[in-house]
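Only one structure is covered here, and it is reproduced in the block below.
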Amino acid sequence: MTYALEISELRKTYRGGFEALKGLDLTVKVGDFYALLGPNGAGKSTTIGIISSLVNKSSGTVKVFGYDLDTQINEVKQHIGLVPQEFNFNQFETLMQIVVNQAGYYGVSRTLAKERAEKYLKQLGLWDKRNERARNLSGGMKRRLMIARALLHEPKLLILDEPTAGVDIELRRSMWEFLTRINKEGVTIILTTHYLEEAEMLCRNIGIIDKGQIIENTTMKALLNKLNVETFVLDLEPITKPPVIESATMRMIDDHTIEVDVAKSAGLNSVFSELSAQNIKVLSMRNKANRLEELFVNLVEQGRESKESAAHA
Amino acid sequence: MRNPIYFTALKTIWIKECTRFLRIWVQTLVPPAITMTLYFIIFGSLIGSRIGEMGGVSYMEFIVPGLIMMSVITNAYSNVASSFFSAKFQRNLEEMLVAPVANITIILGYVGGGVARALLVAIIVTLVSGFFVPLQIQSIAMIIATVILTATLFALGGLLNAMFAKSFDDISIIPTFVLTPLTYLGGVFYSITLLPSFWQAVSQFNPIIYMVNGFRYGFIGVSDIQPMVAIAVLLVFNAVFFTLAWYLLKRGTGVRT
């Protein structure tokens with residue numbers, strides 16, 4: 001089976017001895033929308049740097065659509081579009097110059113590059129700004145410019161390193177829609193993000209990286225199933241004393257809000273029964289949106305504990 | 001360069017480089033015209049008229065080729081040094097590094113940009129010199145060969161400097177402490193035959209002597225150095241600098257982690 005990305009035993013030791021990657025293994029299927037998560041300094045950016053040829057690896061193999069980074073680097077580069085974490089375009093060039101030049105580096109003729117520039121700048125809402133210098137753009141526009149730039153040579157694998165950092169909610173959602181659309185059109189997407197909600201909304205599969213190794217590589221669904229307990233926020237009619245709930249752990253937030261941690265096996269019926277018995281009216285209920293965040297923290301902590309216990313054994 | 005992708009990439013880098021120096025023409029094309037006009041007025045007309053002949057021609061005619069060459073050297077060097085370092089500093093060099101652009105294409109693209117600016121400045125300075133002294137040409141082939149080889153050499157020098165540079169200060173150290181003294185002592189303003197024999201021998205180690213004299217030979221047919229020796233020296237230096245730039249870029253020195 002050919003994978004969009006196949007990494008095996010990838011190691012990177014920086015000058016000075018810091019070991020950023022310690023034998024990382026990772027596979028991403030063709031057509032996938034894959035989230036790569038990890039705390040700061042875990043090795044995400046180093047991994048992306050190696051895949052996109054900006055960082056030289058120490059050892060290991062990287063294959064993109066079956067092409068080996070060591071022996072078929074040009075084919076690898078042709079298949080990848082990179083949206084880096086930091087703005088790295090020439091701030092004094094116009095949007096049109098930036099995207100057309102980028103296409104030129106991939107061998108796309110200027111005529112074709114201009115056609116594609118129109119297509120992608122329009123799709124990303126930047127067409128009106130095409131003759132503006134990049135430094136005059138807002139932060140969100142600069143992020144979208146980097147996405148347009150990465151797509152001009154029509155890569156099959158798009159790698160985005162924290163694409164929505166510092167982008168407001170509305171714009172983030174429109175970027176999600178755009179990314180979902182191009183993923184449906186066949187572009188494999190790998191995304192790193194600190195917004196776990198983003199990974200949950202967009203991605204089918206997920207890899208968690210910590211201290212230079214993959215500690216979890218699974219489907220988003222399977223990962224969320226690992227959650228045994230979910231937290232719900234209940235809005236109540238004002239109450240004078242805390243309710244007594246025995247079927248779940250309860251926290252009183254204020255006189256009309258409580259949070260309950262409910263075991264998946266227990267369900268919510270008993271919580272409602274107990275509240276009804278105490279004449280407490282539930283006005284509304286919502287899921288606390290940090291499920292993945294908790295799981296992420298737990299997994300990273302568990303990974304570190306198991307490494308420590310292995311070291312002590 | 002047989003691969004069409006490489007050619008498109010080369011054309012792109014070259015156009016980008018030319019667009020850059022033309023966009024900031026006030027910083028790139030006007031200053032050499034003003035500086036050289038001042039040189040022509042002060043050294044050529046005012047002081048030169050009292051000096052008399054040098055190398056069998058008027059002092060003004062003698063210094064014109066040297067001053068054109070000085071502009072070529074400075075502009076070829078600073079164009080590539082500042083453009084490549086800015087691309088490194090702003091990280092937009094990554095745009096090329098992530099794409100299938102061969103290292104040789106990056107070198108040729110940047111050097112091509114530096115050479116284009118140097119030649120444009122050479123034309124401007126030559127036109128300005130026409131107001132002060134009638135232009136004579138002895139060997140157009142020699143003029144073209146020396147100007148292109150010199151511009152290429154110093155564009156490569158600027159590229160090497162930018163690759164090693166870690167701050168903007170680092171791209172002004174070489175021009176200030178190496179390039180300017182070598183140029184001023186490189187026979188722009190005097191014939192080395194005026195020097196005592198010891199300093200004449202020392203001057204032979206200054207590569208700029210060969211460029212200035214080779215270029216001057218093309219205009220007035222007079223040179224302190226055999227023209228073919230000048231061309232040979234230029235070819236050797238170009239080959240060494242090009243190989244070094246290619247090797248360092250392949251290793252990723254200063255550009256890849």
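Each value in this text was obtained by applying a stated rule to the coordinates, not by laboratory testing. Every value quoted in this text rests on a predicted model; they were computed, and no experiment measured them. Using ideal geometry, Cβ is built from the backbone for each residue, glycine included, and neighbour counts are taken over all protein chains shown.
Structural remarks
- In the stretch A:8-59, of all residues being assigned to a loop (DSSP other than H, G, I, E, B) and among the aromatic types (Phe, Trp, Tyr), the one that is farthest from the other protein chains (Cβ to nearest Cβ) corresponds to A:PHE18.
- Of all the numbered requirements in (1) farther than 24 Å from A:THR193 by Cβ; (2) within 11 Å of chain B (Cβ to nearest Cβ); (3) among the basic types (Lys, Arg), A:LYS122 misses one, and that requirement is (2).
- Residue, nearest to A:ALA165 (Cα to Cα), within the stretch A:102-119, restricted to residues that are hydrophobic (A, V, I, L, M, F, W, C) and within 12 Å of chain B (Cβ to nearest Cβ): A:ALA103
- Of all residues in the stretch A:159-173, those satisfying the criterion of being part of a loop (DSSP other than H, G, I, E, B) and of a type outside the set (A, V, I, L, M, F, W, C) are A:GLU162, A:PRO163, A:THR164, A:GLY166, A:ASP168.
- At least 2 residues being within 14 Å of chain A (Cβ to nearest Cβ) is the threshold, and among the helices (runs of 4 or more DSSP H) wholly inside the stretch B:148-257 those reaching it are B:227-251.
- Number of positions in the stretch A:60-101 that are assigned to a helix (DSSP H, G or I), free of Cβ contacts under 8 Å to residues at least 60 places away in the same chain and within 11 Å of another protein chain (Cβ to nearest Cβ): 10
- Residues that are surrounded by 15 or more Cβ atoms within 10 Å (Cβ to Cβ), free of Cβ contacts under 8 Å to residues at least 60 places away in the same chain and in contact with an Asp or Glu (Cβ under 6 Å, 6 or more places away or on another chain) do not occur anywhere in the stretch A:103-112.
- Of all residues in the stretch A:121-149 being among the hydrophobic types (A, V, I, L, M, F, W, C) and under 17 Å from the mean Cα position of the chain (by Cα), the one that is farthest from A:THR2 (Cα to Cα): A:MET146
- Of the strands (runs of 3 or more DSSP E) lying entirely inside the stretch A:186-291, those containing at least 2 residues that are within 24 Å of A:TYR34 (Cα to Cα) span A:188-192, A:205-210, A:213-219.
- Residue within the stretch A:134-152 that is in contact (Cβ under 8 Å) with a residue 24 or more places away in the chain, surrounded by fewer than 16 Cβ atoms within 10 Å (Cβ to Cβ) and either within 14 Å of chain B (Cβ to nearest Cβ) or closer than 27 Å to B:PHE84 by Cβ (or both) present: yes
- Residue count for the stretch B:16-32, restricted to those that are surrounded by fewer than 19 Cβ atoms within 10 Å (Cβ to Cβ), within 11 Å of chain A (Cβ to nearest Cβ) and out of contact with any Phe, Trp or Tyr (no Cβ under 8 Å at 6 or more places or on another chain): 2.
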